[in-house]
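Structure first, then comments.
The values are calculated or read from the model by the stated rules, or taken from the named source; none is laboratory data. Note that this is a predicted model, so its numbers are computed, not measured. Quick reminder, even Gly has a Cβ in these numbers, built from the backbone with ideal geometry, and neighbours come from all protein chains shown.
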2 protein chains.
Amino acid sequence: MAAVTVDLVLLTIRRGALQVLLVRRGIEPFLGQWALPGGFVHDDEDLDVAAARELREETGVDPTAGHFEQLATYGTPGRDPRGRVVTVAYLALLPDLPAPVAGSDAAHAEWRPADDPGLAFDHDRILADGVERARAKLEYSPLATAFCPPEFTVAELRGVYETVWRTRLDPRNFHRKVTTAEGFVEPTGHSVTRDRGRPAQLFRRGPATLLHPPLLRP
Amino acid sequence: MAAVTVDLVLLTIRRGALQVLLVRRGIEPFLGQWALPGGFVHDDEDLDVAAARELREETGVDPTAGHFEQLATYGTPGRDPRGRVVTVAYLALLPDLPAPVAGSDAAHAEWRPADDPGLAFDHDRILADGVERARAKLEYSPLATAFCPPEFTVAELRGVYETVWRTRLDPRNFHRKVTTAEGFVEPTGHSVTRDRGRPAQLFRRGPATLLHPPLLRP
DNA sequence: ACAAAAGTGTTCCTTCTACACCCATGC
DNA sequence: GCATGGGTGTAGAAGGAACACTTTTGT
């Protein structure tokens, strides 16, 4: 027998950086350290449901806003000094939320850079696995749109790839690739001026779930 | 609190078909039905270690012979009528073993076609997830070699792809692709005549862990 | 000799890459 | 006007698909 928890790797892009939602621990062990949000799975509750509930409780976010999937399960004996705890980690990719941590349980939740180590428990490793999963998934799936608001420009979508992959992509080739890939994005017909320069068309997510051919990391 | 188990999706290729190792249940519930092998995680045991131990116990196989990874975790309330059981599923890709189920706990373990439904618990779904993971991984990793013995021919490796993907691949283009992809396979210098026809060179796995560019499903 | 499987060469076509160039706006 | 970002065209390189053809064995 073991306690079963869910931990959440909530990723978003804020101020041009990949960020993760962390909470500051208010009790021992690891008092005062940053940790992934999470909590116990209820007796009559499915794992996905528990993760979605925690997401709502910790962030006030609708889980359907972005993308949500099981990441992996961690159960090394001793990973929690209080006893045997097996945690099922979930990964969510979310748009930069207008009211990020509103009405939250954890009043001390905060978006932090995703590459800072020093988290409680084995959360450094869980976070690293989540970031790596996100990097890989952008190649074969249209999930980059999960980081964007419902309507977005091609430049904003390119910014997602550049931030997550830590590379620069050619704006011209990226535009062609994304707009010609079947079902990746759909034009809304509207356009908007973000900075200076020519107004950009707005797009929304398309129906595709896979990218054929993929968009490979340089 | 919940009971934590590991379940194993052990895949191999036998007689030209993708097969999975199943055990016939000797106790209720699901008495007499086929199920994935598995068992309880010990109190002081890591999840990976428990899975590797079950693999040895059920099959007598060295886990390093093929490939081994965590698949996903399943914890729907009621998936086991005896109580709350959360199971961490592992996926292994194994060569066709000379002595498949020797010295095994489960004397009734047997290789069965991987596409037959009717398993106990939610094992149909776990198996389907494992097969889909295997299909996807062959595209961008060199893991097809995990289904092969230490030395193998290009035709045997092609047979792995054809069986797992349920397609035909052009032998000539496949040969070129595999032998020129950096680190996928290495020539041993030996050759062997399998059927009729010109003898084939033997290869062993190369050091690569990713395929660049990938080998996409047709 | 013939069948069968292994392996090479070649041609065509799609996709990637790099970059020249035009477009539409704010200032 | 000019700077700035949005978007199109195009030439060359790289990789994939189709298939003719040669090599090396068993029978």
| task | Only one of these is touching a residue at least 40 places away in the same chain (Cβ under 8 Å) and either assigned by TED's automatic domain parsing to the domain that holds B:Thr76 or closer than 29 Å to A:Ala136 by Cβ (or both): B:Arg194, B:Arg168, B:Arg204, B:Arg158. Name it. | result | B:Arg204
| So is B:Arg168 within 12 Å of DNA strand D (Cβ to nearest atom) and farther than 30 Å from B:Glu28 by Cα or not? | yes
| Residue check, B:Glu156 against (1) closer than 25 Å to B:Leu202 by Cβ; (2) more than 12 Å from DNA strand C (Cβ to nearest atom); (3) out of contact with any Phe, Trp or Tyr (no Cβ under 8 Å at 6 or more places or on another chain), all met but one. Which one? | (2)
| When the residues of the range A:201-218 are filtered to those that are aliphatic (A, V, I, L, M) and part of a loop (DSSP other than H, G, I, E, B), which remaining residue is surrounded by the fewest Cβ atoms within 10 Å (Cβ to Cβ)? | A:Leu210
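Residue by residue, here is whether (1) surrounded by fewer than 16 Cβ atoms within 10 Å (Cβ to Cβ); (2) farther than 23 Å from B:Thr73 by Cα holds:
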| residue | (1), (2) |
| --- | --- |
| B:Asp115 | yes, no |
| B:Asp124 | yes, no |
| B:Thr153 | no, yes |
| B:Arg172 | yes, yes |
| request: Mind listing just one residue for me: the one in the range B:1-52 that is among the polar types (S, T, N, Q) and under 23 Å from B:Leu143 (Cβ atoms) and, of those, farthest from the other protein chains (Cβ to nearest Cβ)? | output: B:Gln19
| Given A:Arg194, A:Arg198, A:Arg158, which one is assigned to a loop (DSSP other than H, G, I, E, B), within 13 Å of DNA strand D (Cβ to nearest atom) and under 19 Å from A:Gly16 (Cβ atoms)? | A:Arg194
| task | Could you identify the single residue in B:Val41, B:Val49 that is assigned by TED's automatic domain parsing to the domain that holds B:Ala89 and touching a strand residue (DSSP E or B) at 6+ places or on another chain (Cβ under 9 Å)? | result | B:Val41
| Top-ranked residue in the range B:61-91 [being surrounded by fewer than 16 Cβ atoms within 10 Å (Cβ to Cβ) and of a type outside the set (S, T, N, Q); ranked as farthest from the other protein chains (Cβ to nearest Cβ)] | B:Asp62
| remark: Of A:Thr180, A:Thr188, A:Thr167, the only residue that is away from chain B (no Cβ under 14 Å) and more than 12 Å from DNA strand C (Cβ to nearest atom) is A:Thr188
| Every pair of residues 6+ apart whose Cβ atoms lie under 8 Å, when the first sits in the range B:9-21 and is touching a residue at least 40 places away in the same chain (Cβ under 8 Å) while the second is part of a strand (DSSP E or B) and among the charged types (D, E, K, R) | B:Gln19/B:Arg112; B:Val20/B:Arg112; B:Leu21/B:Glu110; B:Leu21/B:Arg112
